[in-house]
Amino acid sequence: MKTRNIFAIALLLMSLSACSQNKPGKITPGSSEDVKTFPGAKPNSYWKTVLSPDAYYIMVNKGTETPFRNPYWDNHKKGIYVSAATGKPLFSSDTKFDSGTGWPSFYQPINDKDIMIVEDDSYGEVRQEVLERSTGLHLGHVFDDGPLPTGKRYCLDSYALKFIPAK
């Protein structure tokens, strides 16, 4: 009898926890699949087909790349940096600076309206995350320790960007 009661309670708890899980296909508000917040949002399955594995890891899964071992941290050529997902121009080499961090750093975007800053409390710290405004895809983080004139350091992941050299 006691064993049967324990089994029944365990079965009841398992069924309740299964009901509380996110259902497949459910969109998390604020995610890169949330078209209400981000008009250019797409299903993650779409991003998997158009992004490289590194770009997908960074932009969709909000990962990061190894410092000093990424394509653009030490790029000193003139040009613009566009979104790896949409090709939208985001940052210019004119605002790129050597932050010593091992990631490409800029003190200002080309147009503030093309990015969005949201609070990121992952890894036990509060930071300001930089998203592509149209898609909600992760680009990097912004800090208040950059050079003048803005004092900002947009510390971005190279794989979230593509570089278009100036002609």
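Among the numbered conditions (1) within 19 Å of the chain's Cα centre (by Cα); (2) at pLDDT 95 or above, the only one that residue 121 does not meet is (2). Scoring residue 69 on the criteria (1) free of Cβ contacts under 8 Å to residues at least 40 places away in the same chain; (2) surrounded by fewer than 16 Cβ atoms within 10 Å (Cβ to Cβ); (3) within 25 Å of residue 144 (Cβ to Cβ) leaves a single failure, condition (3). Looking at 130, 126, just one residue is buried (at least 20 other Cβ atoms within 10 Å of the Cβ), closer than 17 Å to residue 62 by Cβ and either without any contact (Cβ under 8 Å) to a residue 60 or more places away in the chain or touching a Gly at 6+ places or on another chain (Cβ under 7 Å) (or both), and that residue is 130. When residue 159 is tested against (1) without any contact (Cβ under 8 Å) to a residue 24 or more places away in the chain; (2) crowded, with 17+ Cβ neighbours inside 10 Å; (3) within 18 Å of the chain's Cα centre (by Cα), exactly one condition is not met: (1). Every condition in (1) out of contact with any Gly (no Cβ under 8 Å at 6 or more places or on another chain); (2) over 29 Å from residue 28 (Cα atoms); (3) in a loop (DSSP other than H, G, I, E, B) is met by residue 63 except one, and the failing one is (2). Checking each residue of region 157-167 against the condition of being closer than 29 Å to residue 36 by Cα and of a type in the set (A, V, I, L, M) gives at least one match.
Restricting attention to region 89-113 and to residues that are without any contact (Cβ under 8 Å) to a residue 24 or more places away in the chain and in a strand (DSSP E or B), the residue that is nearest to residue 150 (Cα to Cα) turns out to be 96.
The values are calculated or read from the model by the stated rules, or taken from the named source; none is laboratory data. Because the structure is a prediction, the values reported are computed rather than measured. Reconstructed Cβ throughout: ideal geometry from the backbone, glycine too, with neighbour counts over all protein chains shown.
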